[in-house]
Every structure is written in C-alpha cells, then in structure tokens.
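This report refers to the structure that appears directly beneath it.
All of the numbers you see were taken from the coordinates with simple rules; none came from a lab. Just so it is clear, the structure is predicted and the values come from calculations on it, not from any experiment. Every residue, glycine among them, receives a Cβ derived from its backbone with ideal geometry; neighbour counts consider all protein chains shown.
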Amino acid sequence: MSSAAPPKPISPAPMRAGTAPTGGPTIDPIKLLKKWKYVLMIAVVVGAVIGVIANYVWAFTYPFYDSTVTYEALAPEDPSLIQKSSDADEKEMERFMATQADRMLSDTILESVARDPRLLNEAPAWSKQYGQSDGTFDWRNAMEDLKDLAGAHAVNGTNYIRLKVTWKKPEDAAAIASLLSDAYTKDLTQLKSTDNNLRRDAVQRSINDFKQEIDSLTERRGRLIRDQEVTGIVEQATTTREKLSIIAKERNNITLEMRNIEVLLDQMNEMIKSEGGVRYSDSQRALAENSGIVQNMKATKEQYEAHLKQLRRSGFLPSHRECKQTQALVDATEQQISVTIERELKKIFDAEKDAYETQLRQYQAQDADMAGQEQKLTTTLQDLTRTIREINDISDQIRQLNEAMADRRKDLEDIDVTSSLASASRIAVVERPRIADHMTMPKIYLMIPLGMVLVTGLVGGVIFAAEFLDQRVKSASDVATMPRTKLLGTIPLADEDPTASSRFETIFRDAQKSVVAESFRQIRTGLLKRMDEAGNKTCAVVSCMPGSGSTSVVANLGLACASVDRKVLLVDANFRRPGLHRVLGLDERPGLGDVLAGDRSIDDVIQTVAGSEGLQVITAGSPERRVFERLGTQPMTELLAELTARYDLIFLDTAPAVVSGDAKALAQRCHASILVTRAMAEKRGMVARINNELNDAPAELLGVIVNAVRSAAGGYLKGNIRTSAAYHNGPAASAKGSAKGGPAEGEKERGAA
C-alpha cells in the first residue's frame, strides 16, 4: 500500500473586524411569546384575579383616605420684590412655592401639631396609639409618624400648593390636616411680622447711614470751597489754559524757524565738505563783487586798460615795452580782483554761517525757557483740575446718596403699607380640609392591571431566565452564534414529517419525497461543492455524544451522494459501538478491524448496499480485531490512501468525541470532517469545544449538522414541513400532518441512531 498524502491544512475563515461572537443564546421575543402564549394568557387571568382579591383585602384591612388643604401663592405686594423680567418672576414664584411646601412639613410645624392638645380630641383614633401608661402623650413618635402621613407639593402649571394627609380613618385625616393648616398659618403670620420688623430696621439703618455720609461729604466740600476759593480756581484754570495755548503756538513757530536754520546750516556744511570747494550763491557773489576794495581794484584795472588803449591808438604795437608793462598791470590787477573776490566770498559765507548758528542758539534758548514755563503751567493746571474734579465728585456723591435715601424712605413706606394688607403673607387658603367620602386606595381599576402586570412580568421573567440559562443547542441559530463555527445544514425531527418512513436511518432511500430526505439533499449539495473545490475525498463524521445520530447521518449522506452517480464508500470506524452494519442490513464481520490487523485484504471486507450499486461499506469487523489504537497508526493512513484511489467519496463513522479520542485521531488522517449534534440534547459549550478541536486538526471542518431539530412555536419549520408535504403528496399529506401535530406521548423520537 502506498502512503496517503497528508490532508490539506485549512485555516478557519477570518472573523470580520468589529465582530466578536460570544456563543451566547439568541432569543427571539416573538418566537418566545408564541411559544409560551397560553402560559402568559393564564398568567394575565391569574394576575387579574389576584388584583381583585388584593383590592378587597386591602380595602378591608387598611384603606387610605385623603384630606387636602389647598393654598394659593400670591404675587408679592412689595414693589421692591417684583421682578422686571417675566421669566425671573416665574422662577421666583416657583422657588417661593417650593419653599412654602417644605415649610408646611417642617419640624417646627409638626412639633406644634404633635403638642397641640386638640389632637387627642379631634383625631382620637390616630392619637390613641401614642398614649403612655402614665397618661402622657408621646409627641416625639407622633411627630415622626406625621412625616409619613402628610405630604405637600406645588401643583405643576398653577400657583396652588396642596397639603395632603392620608390615613385609614377619614375623620382623623381631616382633623390632622386642619391642625397642620392652622399651625402653618399661625407660623406664617409670626414669620411675616418678624420679617417686616427686620426689614424695617434694616431700611432705617440704611437711611441713617446715608445721612451720616451725606453730612460728611457736605462738610468736606465746604472745606474745599473755603480753602481753595473755587471761583478764583476756575478763573485761574481758564487763564492757565490760555497761556498754555499761547506758549504752544510760540513754540511751534520757533520750532519751524529752528528747522529752517538747521536745514541751511546743513547745506552750508555740505558745501564746505564738497571736493570742488564752496559753491557760493549769486547773492553772496554780488556782495563780494560790490565791496569797496573790489570796486577800487576794478577802477584801477579800467585805468590800466584805458591807458593801454591810448597807447595802441598812438601807434604803439603790442610788442612795445610800455604796452607789455601796461598789459601786465591789467593782468595782475585782474588776478588780484579774483583773489580778493574769493576772500570776500569766504568772509561773507562765514559771516552768514555764524549768524545762523547764533540765531539757532537764541531760538533753542527761547524754546527751553518756554518749555519750562509750559511744564509749570501744566502742573498748575493739573492741580487746579484735580481740585475742581474732587469738588464735582463730592457733589455727585451727595446727589446719588440723596436719591438712594429717597428710595429707602419709599421702601419704608411700602413696608408699612404692605404689612397692613391681608395678603401680606402671600399665601391664601383656597379650600379647607373635608372628610373624604371615598377611598383613595385601593382602587379596583388600578389593582386589576397592577396584578396582571406583576404576575405576567414574574412569569415572563421566569420564562426568559429559563430560556436564557438553557445551554442546549435548539436550532441552527444557536450554532451560528458560536465563534469559528460554520453551519452545514439542519435535519428536522422525523416524527414531525408526515411523509417520513418508520426508519430514519435509511430515510433517504425509503421516503425520498420526505422533508428529511430533502434536508439531506440540501446538505449534499453544499458538501459536494466544498469537497470538490478543495479536492477532498475522505471525510470523518463526528458526533458530540452518543445518540447524536452520526451513524444515521453517514448512512443517509452515503445514499444521497450515491444517488448522483458518485462512487461512495462508508467506513464504520466506531470500534466501540458499531452500527452501520445494523442500519444497512450487512454482516458485521469481516471488516475494518480485520484489515488493520492484517488478517484480510480490502477486497475481502467491502460490501455493497442492496438497492444502491454506487454505495459500498466496510463494517467495523470482528470484535476481537477492533483495536482502538490502530485507528491512529500508519496502516490506517495507508488504507485511506488506497481507498481514495478507488472511490469518489469516503465517509467514516466515528465514535462520539466525548467518550473517545478516535475522532481526533481520524481527523488527523482525513481530508475533511463534519460535526453532528442533536438538538435539545447537547449543550453549546460542549459543541463549541469539540468544534474548536476539529478546527485545529489538519482536516478541513466543513461545518456542523444539527440533527432532530424540533419545530418551535413562532418558528417557520413546521410550516415548511407542511408546505413541502402538501406539494409532494397532495392535500392528504398536509391534512395528515395537521392531525398528527407531533409525536404521540411515550413514542420514541426518531431522527437519531
């Protein structure tokens, strides 16, 4: 035998980001309601009955009667308390009403009622429980119990406050309410009187303080007027401002002159520094040329020139000695004139520059002097202005204090007026307490719904808890919530299929039109597709616990795959409790155990199923040859490799995973595996654990088959079964299914072998 190639390792499908299946139960409220609807209806009826009984028991033992006092909260009569904003006024009223509601049940009011001698006479039934053996009255306990009997609250949307007393005797409740109202009214009157006195004293103290401050300011203002002579200060300030204005103008003119001189001096300095020498102005040059010494020289030059002309008219040639001498004198005089003009120009330039510098110094001295005067005048003006402002501020303060004092005097008058009004307390009694003529509680129209809600809620809670705590796998939805778990298909309970045969183990062959057979067809379609795509041929069928139905699933899957022209081999690898030979009517021996022991060949142990030529079986073999450990040895691997070459599909029926490790050993040598679980029999935790173990094996876990699924109230399975039966077999089958409804009591459930 050749060695089998190791199965392809298949990684589990990655979970989508953001999903974290917990494997917890899925509860459909609609299905749950339909399933337990009759129990819930009974709970509603029982709750209504309990509500009626509780109503009469309560009314007989301890009924409640209410006595109410209604007050109206009034707007404040004091104008100083009235807000300008309507929102602020509404909030003030809400605070006032809440405060008064709390005050009605304050310890002061309750103690006053508990100590009131009228309480014993007007509410004898209630007060007698606080009488002591020595004849005294336990007012402290009575005061504490009054807190439970009485309640006060502001009525929403109104200006009303209600004080309510509740007890089992209407006469006593009305009496206690009346005493509470009297105590509150008395306390309110005293409080208002005390408050008015306190407010009047505070306003009067404020008026006296204003007077003292006005007198002090008036004296201070008079002292300033006397000491500073305010009229002279004002005139002096005006004169000082005028002087400052004149000085500012003069300084401005001087500044302009200084800037002009500085510009001229800068220009002269630049002329001095220039490489070509000073470039004198035309006016300077005219002054130099018109100076006396230059004019004398020019006159001398003219004399020489006239003499030279005379010589030339006399016939002297230019080369004559006298002509040359005269011409030399003319040239020398002309040169001397030029030198003298330059000298005069420099003198004129320097004189102008010195004059400008002198004038600039004079202007600077004047500006410094005026700046000093301006600083002194500014300081003087500031002092004068400060004094005047101080006097004006004192006058403004006196005026403001007089206005505030006038307001306080008006407030004092308003307090005197409002304290005499009947509505000074802002609380008016609208309705006095009356003896109640009907019970407040219980009320039949409240007790019946309350009983129904309580009982139904309790029963519903028990049902929900039971469903939530039930860890059994009931349907495909329970498998779908498990991590790393794929659902391969579901098989309905055969007892609910009206077209099913009496043998579930071969139902695909014996009742081909049944819904169960159709379920195997659906499983076959997905199974073949996945095995063909992956090139898998060997598949271990593993059950969780004994009775899950793996043997029946193997037999029906083999029959279903053989019916589509696949050459299928079933191998009974359950050495502990083999069942394929019994299910298919074959000999138990020889079989797999004999081949692994080496006593028989493969051809000796292969058997063909009657009526299905494409389906062959290798049974478990002789009991003495069925050694468990051989399922995980190399001979088993070689056997599967040889069988893979002969058959299209090989299904191995294994022992339950809970009772043995044979399934894990075979999953190491097969290409694929299937997990079979029975509905309403196995828990989700166990299924998830075995599913994870098979996922970790080299064989690809194709998915989970949920066997013997029951139709639940509110589910769609029962309707699908009836529809399928009616379609395949006509109305008779549907009627049969409706009449049958489900398995008879005591009848053994089919759907597992």
Check: What does the charge add up to near Thr378, with Lys and Arg as +1, Asp and Glu as -1, over the other residues with Cβ less than 12 Å from its Cβ?
Finding: +1
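Can you sort Ile448, Ile602 so the residue with the fewest Cβ neighbours within 10 Å comes first?
Ascending number of Cβ neighbours within 10 Å: Ile602, Ile448.
Evaluate the charge dipole of region 242-418 about its Cα centre and quote only its size in Debye, nearest 20, assuming +1 on the Cβ of each Lys and Arg and -1 on the Cβ of each Asp and Glu. Intermediate values should be presented prior to the final figure.
Values: 26 positive and 33 negative charges, 358 e Å.
Dipole magnitude for region 242-418 comes out near 1720 debye.
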Notebook entry, point to check: Of Tyr130, Trp36, Tyr62, whose Cα points farthest to the positive end of the dipole of region 32-175 (charges on the beta-carbon: +1 Lys, Arg; -1 Asp, Glu; origin at the Cα centre)?
Noted result: Trp36
Next item on the list: Under 12 Å from the Cβ of Asn269, count the other residues' Cβ atoms, weight Lys and Arg +1, Asp and Glu -1, and hand me the total.
Entry: -2
Check: How large is ³J(HN,Hα) for each residue in region 125-137, as worked out from phi by the Karplus curve 6.51 cos²θ - 1.76 cosθ + 1.60 (θ = phi - 60°), to whole Hz, x for Gly and Pro?
Finding: 5, 7, 7, 5, 6, 9, x, 9, 5, 8, x, 8, 10
Check: What is the set of long-range amide H partners of Leu487 at a cut-off below 5 Å, with H atoms built 1.01 Å from backbone N?
Finding: Val704
Notebook entry, point to check: From the phi of every residue in region 296-307, what ³J(HN,Hα) in whole Hz does the Karplus formula 6.51 cos²θ - 1.76 cosθ + 1.60 yield, where θ is phi - 60° and glycine or proline is x?
Noted result: 4, 5, 5, 5, 4, 5, 5, 5, 5, 5, 5, 4
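Neighbouring Cβ atoms within 10 Å as the yardstick, rank Arg710, Arg689, Arg205 fewest first.
Values: Arg710 19, Arg689 15, Arg205 11.
Result, fewest neighbours first: Arg205, Arg689, Arg710.
With +1 on each Lys and Arg Cβ and -1 on each Asp and Glu Cβ, and nothing else charged, work out how big the dipole of region 476-731 is about its Cα centre, in Debye to the nearest 20.
On the way: 30 positive and 29 negative charges, 151 e Å.
The calculated dipole for region 476-731 is roughly 720 debye.
Pick out, in residue order, every one of the GluC sites (Glu not before Pro) in region 510-616 that is DSSP loop and has at most 10 other C-beta atoms within 10 Å; say none if there are none.
Working: sites: Glu518, Glu533, Glu588, Glu613; in loops: Glu588, Glu613.
Sparse-neighbourhood loop GluC sites (Glu not before Pro): Glu613.
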Notebook entry, point to check: Once you list every other residue whose beta carbon is under 14 Å from the beta carbon of Pro578, what net charge do they have if Lys and Arg are +1 and Asp and Glu are -1?
Noted result: -2
Margin query: Can you give me the distance in nm between label points at Lys243 and Glu94, each placed 7 Å from the Cα along the Cα-to-Cβ direction?
Written below: 6.8
Next item on the list: Would you mind computing, in nm to one decimal, how far apart the modelled labels at Lys376 and Glu235 are, each placed 7 Å from Cα along Cα→Cβ?
Entry: 2.1
Checklist line | DSSP beta bridge pairing in region 564-695, given as percent antiparallel to the nearest 5 | finding: 25
Check: Tell me, Arg600, Arg285, Arg313 in order of fewest to most beta-carbon neighbours within 10 Å?
Finding: Arg313, Arg285, Arg600
Check: Can you run phi through the Karplus equation (6.51, -1.76, 1.60; θ = phi - 60°) for region 35-40 and list ³J(HN,Hα) in whole Hz, with x for Gly and Pro?
Finding: 5, 10, 4, 5, 5, 5
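Using a 10 Å cut-off on Cβ atoms, rank the peptides 328-335, 62-69 from the highest mean neighbour count down.
On the way: 328-335: 14.0, 62-69: 19.4.
With the highest mean Cβ count within 10 Å placed first, the list reads 62-69, 328-335.
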Next item on the list: Straight distance only, please: which lysines reach the Cα of Lys273 with their own Cα at less than 25 Å, same-chain residues fewer than 8 apart left out?
Entry: Lys346, Lys347, Lys353
Next item on the list: Apply 1/(1 + (r/R0)^6) to the Cβ-Cβ distance of Ile207 and Asp148, taking R0 = 56 Å, and write down the FRET efficiency to the nearest 0.05.
Entry: 0.70
Notebook entry, point to check: Which aspartates and glutamates have a Cα less than 17 Å from the Cα of Lys443, not counting those fewer than 8 places away in the same chain?
Noted result: Asp66
Notebook entry, point to check: In region 436-568, with Lys and Arg counted as +1 and Asp and Glu as -1 at Cβ, which of these residues, Asn536, Gly461, Ala480, has the Cα nearest the positive end of the dipole, that is, farthest along it?
Noted result: Asn536
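Order 146-154, 549-557, 396-404, 316-324 from most to least packed using the mean count of other Cβ atoms within 10 Å. Intermediate values should be presented prior to the final figure.
Numbers: 146-154: 17.3, 549-557: 27.7, 396-404: 13.8, 316-324: 11.9.
In descending order of packing, they fall as 549-557, 146-154, 396-404, 316-324.
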Margin query: Going Cα to Cα from Lys37, which aspartates and glutamates come in below 18 Å? Please leave out same-chain ones fewer than 8 positions away.
Written below: Asp28, Glu467
Next item on the list: Among DSSP beta bridges whose residues both lie in region 476-731, state the antiparallel percentage, nearest 5.
Entry: 10
Next item on the list: Work out the length of the dipole vector of region 152-204 about its Cα centre, built from +1 on the beta-carbon of each Lys and Arg and -1 on the beta-carbon of each Asp and Glu, and round it to the nearest 20 debye.
Entry: 140
Next item on the list: Report, in whole Å, the centroid distance computed from the Cα atoms of region 619-660 and region 188-207.
Entry: 106
Next item on the list: Mind listing the long-range amide H neighbours of Val430? Cut-off is under 5 Å, sequence gap 5 or more, other chains count too, H placed in the peptide plane at 1.01 Å from N.
Entry: Thr70, Tyr71, Glu72
Next item on the list: Give the long-range amide H neighbours of Ser543: residues separated by 5 or more places, or on another chain, with amide H under 5 Å away, using H modelled in the peptide plane at 1.01 Å from N.
Entry: Thr654, Ala657, Val676
